[in-house]
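For reference, the structure discussed in these notes is given below.
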Amino acid sequence: MNNRRVIVKVPASTANLGPGFDSLGMALSLFAWIEMEKSDTGNTTFQLHGDGMDGLPTDKSNLIYKVAQLVFSEAEVEVPDLHISMYSEIPLTRGLGSSASAIIGALVAANALIGSPLSDDKLFQMATALEGHPDNVGASLFGGIVVSAWDGSEAQHVRIEPQESLETLVAIPAFQLSTEKARHALPTQISMADAVYNVGRTSLLVAALASGELGLIRHAMKDRLHQPYRAALIPGMTEILERATDFGALGAALSGAGPTLIAFVDAASPDKAGLERFLQATLQKEGITAETMWLAPCKTGPEVTIEELSAGSDPLSGKRISLLERIKGEVKA
Ligand code: HSE
């Protein structure tokens, strides 16, 4: 097989959607791009661009490289060296699934590089085991809204098509919060009453999203499993979750492990600017600067572009179009 260049565009995601801790996710229209090509020079090279990408390793301990090797090993092929480029507009460690997008992008790119021997479900299983929960990776891989469950060895999922009218507003605080720290804040046991509370809300939320009864989101997007315990880490969060519906939101939640907050909105809502001002002002009162962004649900998973390369073409030649040039018209910033 000739060498090929693979470019994968993969969406960000929001996990939990309030009550669906570790089980609900939705893909968002904010993206990372990964370009991958075999290297015959005996060297692996990296070009990483985007906010916060400077600090990431550029040797074989890099996550993209390691994940790609898992694909090759599963498929029983050897591709020891790669040229890897990445550009991400997904802020790191903010609760928008940047690591899940990187994992999915790497799995899909590596699989495409060797002719896609692994199924999407196999990639989902591998990604879930790597992340430790299926919510973000499921959304980035399948697009739309993904409901999933994992028993520690196998994950199941059902994808729901997001309603046309659904839009989101995210407020991304200017500080990072690691998922590890945010999971550390959680209790090891909860009461039966809280478990029942979340079972009811999660079920209602899934039914509301699937049926289009979006008016139920305000009742369903409530949680007692993780948000109350994480509130101390995100000043302003409790007020936003309680009052966002007064400003026209369908509901609001902590996005994944935070610190990003996400409001679900009817795209035709008359006062979207008022909701945005409320989120900004509430965080500002707590001394937190945040960037707000309107993001539509992303209905598709990774977009894969494959370019067959002629034998002997030099992947590092000055003539090749760089990933950044290639995606110039598509990036947000
Ligand atoms: N479900 C996960 C959590 C998402 O809330 O910890 C974070 O990646």
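The values are calculated or read from the model by the stated rules, or taken from the named source; none is laboratory data. Bear in mind the structure is a predicted one, so any value in this text is a computation, not a measurement. Using ideal geometry, Cβ is built from the backbone for each residue, glycine included, and neighbour counts are taken over all protein chains shown. Side chains are part of the model used for accessible areas, which takes the heavy atoms of the whole protein and leaves out ligands, DNA and RNA. Shrake-Rupley method; radii C 1.70, N 1.55, O 1.52, S 1.80 Å.
Counting only residues that are open to solvent by less than 70 Å² (accessible area, probe 1.4 Å) and either of a type in the set (Val, Ile, Thr) or within 13 Å of the ligand (Cβ to nearest atom) (or both), which one in the stretch 156-176 is farthest from the chain's Cα centre (by Cα)? Step through it out loud before you land on a result.
Our first condition is that a residue be open to solvent by less than 70 Å² (accessible area, probe 1.4 Å); within the stretch 156-176, this holds for 157, 160, 162-163, 165-173, 175.
In the following step, the residues that additionally are either of a type in the set (Val, Ile, Thr) or within 13 Å of the ligand (Cβ to nearest atom) (or both) were identified as 160, 168, 170, 172.
On the way: ILE160: 16, THR168: 14, VAL170: 13, ILE172: 14 Å.
Here the residue is ILE160.
Which one of these does SER322 not meet: (1) surrounded by 13 or more Cβ atoms within 10 Å (Cβ to Cβ); (2) modelled with pLDDT of 95 or more?
SER322 satisfies all of (1) surrounded by 13 or more Cβ atoms within 10 Å (Cβ to Cβ); (2) modelled with pLDDT of 95 or more except (2).
In the stretch 51-64, how many are under 18 Å from VAL108 (Cβ atoms) and either part of a strand (DSSP E or B) or open to solvent by 20 Å² or more (accessible area, probe 1.4 Å) (or both)?
From the stretch 51-64, those under 18 Å from VAL108 (Cβ atoms) are 62-64; that's our starting set.
In the following step, the residues that additionally are either part of a strand (DSSP E or B) or open to solvent by 20 Å² or more (accessible area, probe 1.4 Å) (or both) were identified as 63.
The total comes to 1.
Keeping to the stretch 257-292, report how many residues are under 21 Å from ARG230 (Cβ atoms) and either aliphatic (A, V, I, L, M) or in a helix (DSSP H, G or I) (or both).
Residues flagged as under 21 Å from ARG230 (Cβ atoms) and either aliphatic (A, V, I, L, M) or in a helix (DSSP H, G or I) (or both) within the stretch 257-292 amount to 13.
Run down THR179, THR202 and say which single residue is within 16 Å of the ligand (Cβ to nearest atom), under 23 Å from LEU250 (Cα atoms) and in contact (Cβ under 8 Å) with a residue 60 or more places away in the chain. Let's see the steps before the verdict.
Working: THR179 fails: under 23 Å from LEU250 (Cα atoms).
After ruling out the rest, the residue left standing is THR202.
Tell me, which residue of the stretch 8-32 that is closer than 22 Å to LEU48 by Cβ and open to solvent by less than 10 Å² (accessible area, probe 1.4 Å) is nearest to the ligand (Cβ to nearest atom)?
By that ranking, first place goes to SER13.
Given the stretch 66-149, what helices (runs of 4 or more DSSP H) lie entirely inside it while holding 3 or more residues that are of a type in the set (Asp, Glu) and assigned by TED's automatic domain parsing to the domain that holds ILE306?
Filter on the stretch 66-149 gives 120-131.
If a residue has to be in contact with an Asp or Glu (Cβ under 7 Å, 6 or more places away or on another chain) and crowded, with 24+ Cβ neighbours inside 10 Å to count, how many in the stretch 90-119 make the cut?
The number of residues fulfilling the criteria is 2.
Does VAL206 count as open to solvent by 70 Å² or more (accessible area, probe 1.4 Å), part of a helix (DSSP H, G or I) and at pLDDT 95 or above?
Judged against the criteria, VAL206 is not a match.
Answer yes if at least one residue in the stretch 251-266 is charged (D, E, K, R) and assigned by TED's automatic domain parsing to the domain that holds ALA182, and no otherwise.
Within the stretch 251-266, one or more residues are charged (D, E, K, R) and assigned by TED's automatic domain parsing to the domain that holds ALA182.
Kindly check whether there is at least one residue in the stretch 126-145 that is more than 16 Å from the ligand (Cβ to nearest atom), in contact with a Lys or Arg (Cβ under 7 Å, 6 or more places away or on another chain) and open to solvent by 10 Å² or more (accessible area, probe 1.4 Å). Walk me through it before giving the result.
Here is the first cut: in the stretch 126-145, the ones more than 16 Å from the ligand (Cβ to nearest atom) are 126, 142-144.
Adding the requirement that they be in contact with a Lys or Arg (Cβ under 7 Å, 6 or more places away or on another chain) leaves 142-144.
Narrowing further to those that are open to solvent by 10 Å² or more (accessible area, probe 1.4 Å): 142.
Yes: one or more hits.
Of all residues in the stretch 182-199, count the ones that are more than 16 Å from the ligand (Cβ to nearest atom) and of a type in the set (S, T, N, Q).
The number of residues fulfilling the criteria is 2.
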